[in-house]
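Read the figures in this text as sums done on the coordinates, not as results from a lab. Nothing here was measured: the structure is a model prediction, and the numbers come from that model. Here the Cβ positions follow ideal geometry from the backbone for every residue, glycine too, while neighbour counts run over all protein chains shown.
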Amino acid sequence: MSEFWLISVPGDKTNLTALDRMNTVTSKANLSSNAKFVIPDLKVGTLDALIGLSDDLGKLDVFAESIIKKIAQYIGEVMDDSAEKAQENLLANGGMKKKVKSGRMDLVSFLSRFEWDMAKYPIKQSLKNITDSLSKQMSQIDSDLKSRAHTYNNIKGNLQSLERKTVGNLLTRTLADIVNKEDFVLNSEYLITLLVVVPKSSYTAWQKTYESLSDMVVPRSTKMIAEDGEGGLFTVTLFRKVIDEFKAKARENKFNVREFYFNEKELQSEKDEIIKLEADKKQQYGPLLRWLKVNFSEAFIAWIHIKALRVFVESVLRYGLPVNFQAVILQPNKKSMKRLRDVLNAIFRHLDEAAAANVKDVNMDIPGLQLSTQEYYPYVCFKIDLGSLDFDS
């Protein structure tokens with residue numbers, strides 16, 4: 001995916017001719033792919049209202065884009081799959097079933113075939129009401145995302161925490177999936193079975209010395225019950241009264257006694273918790289992924305409607321009344337962005353000679369036009385950056 005430029009110019013004959021020229025030049029030089037971006041006849045309202053909306057829409061635009069990025073990123077995290085596989089889920093359901101059989105399309109196609117959703121955002125409403133509706137929609141999606149992500153992340157985090165205990169060496173990892181009841185002397189008033197981690201290089205030394213590390217070690221009571229790349233886990237049975245002495249002597253010989261006492265209920269509880277969390281995660285996964293896909297589409301469509309509103313408002317503020325402008329969506333060739341900008345500047349410089357002369361890195365602060373945080377061109381222009389939604393970008 002890539003960056004798009006949503007531009008508009010006044011709709012009189014001179015500028016429509018300039019648009020035709022732009023389409024011809026950009027097509028021949030392979031500078032960009034262009035398509036009409038149809039914005040319906042919206043209610044203009046008062047100039048004061050438009051100036052206020054310009055500011056509100058700028059903030060809502062940034063908020064909506066941040067939500068879309070969060071959902072896209074979270075889809076990648078939840079799927080834990082290849083970037084390409086996760087990317088396939090970033091689709092828009094534009095209700096364009098006449099054009100696309102499934103009603104779902106990739107984001108580039110949605111932009112190039114944009115249609116205003118009259119059912120969701122009736123144009124008989126004021127611009128303020130439409131903006132408020134979009135704002136509430138985005139806030140609700142953001143709130144739901146936080147809630148659902150919190151629930152899923154808790155389950156995933158707890159499961160990962162338990163799973164981390166099953167990896168690592170024999171000194172640190174859980175022994176729930178290693179030890180068995182038969183490995184221990186249990187319910188004895190006098191005897192106890194300890195677990196000792198012995199380095200591989202010390203196996204022979206252990207077998208020769210474990211019985212003499214203290215008094216009251218049961219002869220021939222050691223057995224290796226597990227092994228990893230570093231060493232083995234051995235049992236040894238001795239009298240309870242010599243535990244401290246045995247541990248001290250073992251440390252001197254670089255044999256590590258693990259602080260572990262067999263408790264069947266605790267070990268089973270640990271196993272059951274992993275099984276439960278795995279089941280919970282699996283149960284949450286499907287509905288969560290469906291919600292993310294649906295609401296990515298909803299948020300993306302709402303975002304593009306916000307862009308359309310911004311173009312409408314800025315065009316009226318810039319070009320005046322009656323409302324008469326033409327909007328176009330351009331997909332620049334990545335290697336030719338600077339040249340494309342120069343071509344647009346040359347073709348439309350008549351709209352604002354001063355802006356055209358100083359178009360490079362200009363930050364103009366004109367009340368009501370939301371230009372202080374973006375470059376100013378002779379024509380209305382808003383960027384739509386889909387590249388930020390790429391998982392491997």
Computed lengthening from residue 17 to residue 279, 0.36 nm per intervening residue step minus Cα-Cα distance: 88.0 nm
Hits among lysines - C-alpha to C-alpha of residue 28 under 24 Å, sequence gap 8 or more where chains match: 13, 36, 334, 335, 338, 383
- prompt: On full extension of the chain, what length is gained from residue 129 through residue 243, given 0.36 nm per residue of separation minus the C-alpha to C-alpha distance?
  reply: 33.4 nm
- prompt: HN-Hα J couplings of the range 27-35 from phi, Karplus 6.51/-1.76/1.60, θ = phi - 60°, integer Hz, Gly and Pro as x?
  reply: 6, 5, 8, 6, 8, 6, 9, 10, 8
- prompt: Using 1/(1 + (r/R0)^6) with R0 = 30 angstrom and r between the beta carbons of residue 215 and residue 268, what's the FRET efficiency to the nearest 0.05?
  reply: 0.30
task: Show which aspartates and glutamates lie in cross-link reach of residue 43 when reach means a straight Cα distance below 15 angstrom and same-chain residues fewer than eight apart are skipped.
output: 132, 314
- line: Between residue 59 and residue 38, the FRET efficiency computed from the C-beta separation at R0 = 30 Å comes out, to the nearest 0.05, as 0.75
message: So, R0 is 45 Å and r is the distance between the beta-carbons of residue 85 and residue 258; what FRET efficiency does that work out to, to 0.05?
response: 0.60
- prompt: Across 5 Å bins from the origin, how do the percents of Cα pairs in the range 8-95 run, short distances first?
  reply: 3, 9, 10, 12, 13, 15, 17, 11, 6, 3, 0
query: Which order do peptides 63-73, 154-164 fall in by mean Cβ count within 10 Å, highest first?
result: 63-73, 154-164
field: 5 angstrom amide H check on residue 326, placed H, neighbours 5+ away
entry: 9, 11
message: Going by average Cβ density within 10 Å per residue, which order do the peptides 110-118, 256-264 take, highest to lowest?
response: 110-118, 256-264
field: 222 nm mean residue ellipticity, helices alone, for the chain (DSSP H n ≥ 4; -39,500 (n - 2.57); rounded to 500)
entry: -16500 deg cm²/dmol
- line: Once the in-chain neighbours fewer than 8 apart are removed, the aspartates and glutamates whose Cα is under 18 Å from residue 249 read 211, 215, 259
statement: Under the rule rounded for a/c under 1.5, else prolate if a/b exceeds b/c, else oblate, using alpha carbon gyration tensor axes a ≥ b ≥ c, the chain is classed as prolate
message: Take the residue pairs 165/200; 124/293; 70/282 and return only those whose Cα atoms are more than 27 Å apart.
response: 124/293
